[in-house]
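The values are calculated or read from the model by the stated rules, or taken from the named source; none is laboratory data. Note that the structure is a prediction, hence the values are computed from the model and not measured. Virtual Cβ from ideal backbone geometry, glycine too; neighbours counted across all protein chains shown.
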Amino acid sequence: MRQGSSSRMRLGLTVLICILFLSFSVGCSRAPQQGTPGGVAPAVIEIWHTLQGSEADSLNKQIQHIMDQHPEVLIRTKSIPEAQFAGLIYQAEAGGEGPEIFIAPQDILTKLYTQGALAPVAGNAEVFPGLVAPFHYGDKTYAQPWLTDSPLLFYRKDLVQPLGSLTDWLNSKGTMVLPELNSRTLSTWWSGQGGKLVSSGRPVLDDPANLQFLQQLQTWRDNKMITVDPNALIPFASGQAVYTIALASQAPAMTQANIPWGSIPLFNVLGGQGQGLPGVTLGIANSSIKTTTALQPSIKIVEEALLSSEVEGAFAQNGTRFPASTAYYSTADGQKGLAPQVAQALAKVWPLTGDSLERKLLPLQDAAWQSAWGGTAPQDALTQAQTEAVKVSTAK
């Protein structure tokens, strides 16, 4: 009896040990469930961005909110100066490293695209068409616009009334100071008067409408109705100039300087005509080597959270950045201050794709304007620009 009982005990102990061993083996061999809420291994998403100081702090605060709402992702951020950004990305990706997501100005993201560093953007967003157009190449979109800025026509409301038309300005004989003479400042004005760079797929920088606009600029310069000053706020503050075209983000500085200012979208003066260019636009993009099939859903979650009107709105509080999200301008905050005027201007942004011929020709037009401003005959300046434009259009 004892022997039988002992045998049964040994058998039972052996079975128990086997069960424990099998349970341990199965538990160890099960892969972590990455991306499952509450799972043991959230997807790690790294973001490299160009934000500095308080804006970087704001980003980190928003990132924490996103992780609280999405425990399936763990987000890490790294701030990099703009001058070093593209180079560091190139080095990192050459070694198979780098972040999953980039946040940087449009010109840097364009450079990353040419380096092959970007995959088609994972996140979707409701944004102004003209802001996302620069990130279109072929039939794909490689970034989403996030935060932006827009030129507006500012006036000294203690000295003049808001303009209703160009005729009002000409009759007022009030001086307008421009911070720079280029397409970013004047494209709405130029295009609103019929200016164009391309016709039937061919450059037309010497088009009669372009010549007329440039001749007007020279006349207004000679009559001291338009001046150019990199420190445009100084003559505007003193009243020496009563109009200026400036970015909406400069309004807080005007208020701080006790300048009694008002503003309107520039196309209001042109009978609703014209398309403009925005100020510096920050975009969100994802890495060509890190956007794997496994990680793409997590990248999409993070990008779309950042692209929400709530997160973008948090950066709009100090008035130096404006959301690219169309939904933001339907919120209570989007109806305050300059936001409605910015929304009107953003809705009229010239939708130039990243690979459009017009975008390649803009620097040539800027150079022609500046040459004519400096004394070159307008026809000569545009003829030279047209010669260069043909070379650009036929280059492979």
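Do the conditions hold for Ile47, that is, is it crowded, with 17+ Cβ neighbours inside 10 Å, at pLDDT 95 or above and touching a Ser or Thr at 6+ places or on another chain (Cβ under 6 Å)?
yes
When you go through (1) acidic (Asp, Glu); (2) closer than 24 Å to Pro351 by Cβ; (3) out of contact with any Gly (no Cβ under 8 Å at 6 or more places or on another chain) one by one for Asp207, which number turns out not to apply?
Here Asp207 meets the rest and fails (3).
For segment 289-326, give me each residue that is free of Cβ contacts under 8 Å to residues at least 60 places away in the same chain, surrounded by fewer than 18 Cβ atoms within 10 Å (Cβ to Cβ) and part of a helix (DSSP H, G or I).
If the condition is that a residue be free of Cβ contacts under 8 Å to residues at least 60 places away in the same chain, surrounded by fewer than 18 Cβ atoms within 10 Å (Cβ to Cβ) and part of a helix (DSSP H, G or I), then Glu310 is the only one that fits.
How many residues are outside any loop (DSSP other than H, G, I, E, B) and surrounded by fewer than 22 Cβ atoms within 10 Å (Cβ to Cβ) when one looks only at segment 193-207?
3
Is there a residue in segment 226-239 that is assigned to a loop (DSSP other than H, G, I, E, B), surrounded by fewer than 19 Cβ atoms within 10 Å (Cβ to Cβ) and more than 31 Å from the chain's Cα centre (by Cα)?
yes
Any residue that is modelled with pLDDT of 50 or more, assigned by TED's automatic domain parsing to the domain that holds Ala294 and among the β-branched types (Val, Ile, Thr) - is there at least one of those in segment 53-67?
yes
Can you tell which of Gly130, Gly87, Gly95 is in contact with a strand residue (DSSP E or B) (Cβ under 6 Å, 6 or more places away or on another chain), of a type in the set (Gly, Ala, Ser) and assigned by TED's automatic domain parsing to the domain that holds Pro297?
Just a single option satisfies the conditions, and that option is Gly130.
Do we find that Lys336 is basic (Lys, Arg) and either in the same structural domain as Ile284 (by TED's automatic domain parsing) or buried (at least 19 other Cβ atoms within 10 Å of the Cβ) (or both) in this structure?
yes
Where residues in segment 128-171 are of a type in the set (S, T, N, Q) and touching a residue at least 24 places away in the same chain (Cβ under 8 Å), which of them is farthest from Leu118 (Cα to Cα)?
It comes out as Ser165.
Which numbered condition trips up Ile63, out of (1) surrounded by 20 or more Cβ atoms within 10 Å (Cβ to Cβ); (2) without any contact (Cβ under 8 Å) to a residue 40 or more places away in the chain; (3) closer than 22 Å to Ala248 by Cα?
It is condition (3) that Ile63 fails.
What is the one condition in (1) surrounded by fewer than 19 Cβ atoms within 10 Å (Cβ to Cβ); (2) touching a residue at least 40 places away in the same chain (Cβ under 8 Å); (3) more than 22 Å from Ala305 (Cα to Cα); (4) under 19 Å from the mean Cα position of the chain (by Cα) that Thr110 does not satisfy?
(1)
I'm checking my understanding of the structure. Among residues of segment 170-184 that are within 13 Å of Pro363 (Cα to Cα) and not basic (Lys, Arg), which one is surrounded by the most Cβ atoms within 10 Å (Cβ to Cβ)?
Ser183
Return the residue satisfying two criteria in turn: it lies in segment 192-206 and is in contact (Cβ under 8 Å) with a residue 24 or more places away in the chain and not small (Gly, Ala, Ser), and of such residues it is farthest from Ser356 (Cα to Cα).
Gln193
Hey, among Ala104, Ala122, which residue is buried (at least 17 other Cβ atoms within 10 Å of the Cβ), touching a strand residue (DSSP E or B) at 6+ places or on another chain (Cβ under 8 Å) and not in a strand (DSSP E or B)?
Step by step, each of Ala104, Ala122 is checked, and only Ala122 is buried (at least 17 other Cβ atoms within 10 Å of the Cβ), touching a strand residue (DSSP E or B) at 6+ places or on another chain (Cβ under 8 Å) and not in a strand (DSSP E or B).
I need the full set of residues from segment 43-91 which are assigned to a loop (DSSP other than H, G, I, E, B) and farther than 16 Å from Pro105 by Cα, in order please.
The answer is His70, Pro71, Glu72.
Please count how many residues of segment 278-310 are aliphatic (A, V, I, L, M) and either under 17 Å from Thr50 (Cα atoms) or not assigned by TED's automatic domain parsing to the domain that holds Leu109 (or both).
Number satisfying all stated conditions: 6.
Let me confirm something: among Thr255, Thr244, Thr320, which residue is β-branched (Val, Ile, Thr), closer than 20 Å to Ser54 by Cβ and in the same structural domain as Thr227 (by TED's automatic domain parsing)?
Thr255
Which of the numbered conditions does Thr244 fail, given that it passes all the others? Conditions: (1) of a type in the set (S, T, N, Q); (2) over 20 Å from the mean Cα position of the chain (by Cα); (3) farther than 24 Å from Trp189 by Cβ.
(3)
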